[in-house]
Amino acid sequence: MSTEAKFSIIKDDVKSEINDILNKQLKDKTYIQSESKKYCKEIVEEVLKRLSEKFKGMKFFTHVTIVQKGDGGLHFGSSCCWNPETDGSAIVKFENDYFYVFVGIYGLSE
């Protein structure tokens, strides 16, 4: 197996790509509940498109959570059964004055 198909090798680059997407798409946005679904869809589509083009030999699964800032709490978890030698995951957090965004990415070797 080539090193290009190991998530641990590309993890920092994956997180950097996701941060770039979040900053470009959300930096000037405010929290509008009716727009959150659209934001999630656009982020997921761009993350999958960009990562699939840049990191050949990997399959990606992603999810996005947007939470308005306030007094509420948020807890989430995830788990997956995979090959620990080649596969992996990461969480990227984005924050502005109005909301938090969490992007979970799972990379699996093809």
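Laboratory data are not the source of any read-out in this text; all were calculated from the coordinates shown. Since the structure is predicted, the reported quantities are computational estimates derived from the model, not experimental observations. Cβ sites come from the backbone with ideal geometry, for glycine too, and all protein chains shown count toward neighbours.
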With 18 Å as the limit, write out which pairs from Lys41/Lys69; Lys27/Lys69; Lys27/Lys93; Lys37/Lys59; Lys11/Lys56 have Cα-Cα distances beyond it, or answer none. Lys41/Lys69; Lys37/Lys59
So, in nm, how far is label Ser16 from label Glu45 when the simple model puts each one 7 Å beyond its Cα toward the Cβ? 2.7
Under a point spin-label approximation (7 Å from Cα along Cα-to-Cβ), what is the Lys37-Asp71 distance to one decimal in nm? 2.9
Taking Cα pairs closer than 8 Å and at least 6 residues apart, the relative contact order of the chain in percent is 37
Determine, from the Cβ-Cβ distance of Ser79 and Asp28 and an R0 of 30 Å, the FRET efficiency 1/(1 + (r/R0)^6), rounded to the nearest 0.05. 0.30
Between the residues Cys80, Ile18, Tyr39, the Cα farthest towards the positive end of the dipole of region 3-109, that dipole coming from +1 and -1 charges on the beta-carbon of Lys, Arg, Asp and Glu, is from Tyr39
Show me 69-78, 101-110, 85-94 ranked by packing, highest mean number of other Cβ atoms within 10 Å first. 101-110, 85-94, 69-78
